[in-house]
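First comes the structure, then the notes that go with it.
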Amino acid sequence: MQTKDYYATLGVPRDASADDIKRAYRKLARKYHPDVSKEPDCEARFKEVQEAYDVLSDGDKRQAYDSYGSGWAQAGDAGPGFEDFGPGGIDDIMDRIFGARGRARGGFSMRGQDHESRLRISLADSYRGATRALSLSVPDVNARGDARPTPRTVNVTIPKGVTAGQRIRLAGQGGSGFNGGPAGDLLLEVEFEPHPHFRAEGRDIHLRLPVAPWEAALGAKVVVPTLGGKVELSIPPGSQTGKRLRLGGRGLPGKPAGDQYCELAVVVPEARTEAQRALYQQMARELAFDPRAGLDA
């Protein structure tokens with residue numbers, strides 16, 4: 001049985017990441033595409049590159065190939081050449097690699113490249129969901145393989161509960177296909193705009209909550225902002241700076257929804273008048289409190 005080393009075909013190691021495989025494929029596809037390449041064996045090499053990419057870019061196919069080698073499609077022995085891909089034979093493979101229209105014309109078609117960009121949104125957009133018009137300058141590849149920037153405006157639907165680092169896929173909004181091939185996709189990686197009070201970690205929201213000394217010492221009920229509106233929070237007596245209190249389900253929506261964590265920060269008011277200074281002096285006498293107890297070497 002003929003052994004096909006798809007990793008060697010693309011020039012990548014067996015532990016290559018999906019991005020490494022995609023970059024290697026793009027480079028080789030531009031080099032060997034029969035409509036633009038001057039290499040004497042470009043058609044055969046292009047078929048090999050496309051075949052290798054079709055398998056290694058698909059997680060399930062790649063796992064089967066790593067386990068069974070060239071016979072991955074049947075999980076057993078298979079004959080040489082394109083028969084490894086199933087009963088459809090060479091016509092089926094030509095359809096998969098070049099597209100039915102390209103085969104009928106005797107030419108070659110190729111799917112457009114996926115493009116990636118960043119999408120900066122507010123926490124409110126994630127909490128409520130939103131639609132945004134996004135202006136992009138994306139590279140478009142012509143028949144000679146040259147990339148040029150092309151301005152484009154796309155409408156993006158932001159789903160509720162999307163988190164930083166997640167990707168929103170816009171099907172067909174990537175690079176144009178070649179010779180009748182389908183367009184690629186546009187992948188938008190979400191990042192959050194800085195918020196004056198809130199900070200997101202996954203779907204959880206964090207807030208630094210200032211409290212007065214008497215609220216921390218005696219306990220209190222205080223009004224706290226959340227992405228969904230203001231709620232009441234109970235502060236236990238004897239709370240200290242750094243204590244975290246949880247508001248269940250008050251983070252970004254999801255299954256399950258995130259929580260909001262309020263980290264207390266005791267804020268000491270200034271003594272601006274004689275009466276205020278006298279009050280602090282009275283507290284010092286009556287409380288006999290040493291905040292540095294236990295720091296002795």
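Regarding region 269-291, can at least one residue be identified that is under 30 Å from residue 204 (Cα atoms), touching a helix residue (DSSP H, G or I) at 6+ places or on another chain (Cβ under 9 Å), assigned by TED's automatic domain parsing to the domain that holds residue 233 and loosely packed, with under 12 Cβ neighbours inside 10 Å?
The initial filter retains those residues of region 269-291 that are under 30 Å from residue 204 (Cα atoms), namely none.
Looking for residues that are under 30 Å from residue 204 (Cα atoms), touching a helix residue (DSSP H, G or I) at 6+ places or on another chain (Cβ under 9 Å), assigned by TED's automatic domain parsing to the domain that holds residue 233 and loosely packed, with under 12 Cβ neighbours inside 10 Å, one finds none in region 269-291, hence no.
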Checklist (1) under 30 Å from residue 132 (Cα atoms); (2) assigned by TED's automatic domain parsing to the domain that holds residue 128 applied to residue 179, failing item:
(1)
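Mind counting the residues in region 248-265 that are assigned to a strand (DSSP E or B), of a type outside the set (Phe, Trp, Tyr) and buried (at least 17 other Cβ atoms within 10 Å of the Cβ)?
Start the filter on region 248-265 by keeping residues that are assigned to a strand (DSSP E or B), which leaves 260-265.
Going one step further and asking which of them are of a type outside the set (Phe, Trp, Tyr), we end up with 260, 262-265.
With the extra rule that they be buried (at least 17 other Cβ atoms within 10 Å of the Cβ), the set shrinks to 260, 262, 264.
Going through region 248-265 one residue at a time, the tally reaches 3.
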If residue 183 satisfies all but one of (1) under 30 Å from residue 32 (Cα atoms); (2) in a loop (DSSP other than H, G, I, E, B); (3) in contact with a strand residue (DSSP E or B) (Cβ under 8 Å, 6 or more places away or on another chain), what's the number of the condition it fails?
(3)
Those residues that are under 15 Å from residue 111 (Cα atoms) and modelled with pLDDT under 80, I need them from region 35-57; list them, please.
35
Test each condition in (1) assigned by TED's automatic domain parsing to the domain that holds residue 124; (2) under 16 Å from residue 127 (Cα atoms) for residue 203 and report the one that comes out false.
(1)
Would you mention how many residues in region 206-247 are of a type in the set (D, E, K, R), farther than 18 Å from residue 124 by Cβ and surrounded by fewer than 16 Cβ atoms within 10 Å (Cβ to Cβ)?
5
I need the full set of residues from region 8-37 which are more than 26 Å from the chain's Cα centre (by Cα), surrounded by fewer than 20 Cβ atoms within 10 Å (Cβ to Cβ), without any contact (Cβ under 8 Å) to a residue 40 or more places away in the chain and not in a loop (DSSP other than H, G, I, E, B), in order please.
8, 31
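Please enumerate the residues belonging to region 190-201 that are surrounded by 14 or more Cβ atoms within 10 Å (Cβ to Cβ) and either part of a loop (DSSP other than H, G, I, E, B) or touching a residue at least 12 places away in the same chain (Cβ under 8 Å) (or both). Even if it seems obvious, please write down each step before you answer.
Here is the first cut: in region 190-201, the residues surrounded by 14 or more Cβ atoms within 10 Å (Cβ to Cβ) are 190, 192, 195, 198-200.
Residues satisfying the conditions are 190, 192, 195, 198, 200.
The values are calculated or read from the model by the stated rules, or taken from the named source; none is laboratory data. Here the structure is a predicted model, which means the values were calculated and not measured. Glycine also receives a Cβ, built like all others from the backbone with ideal geometry; neighbour counts cover every protein chain displayed.
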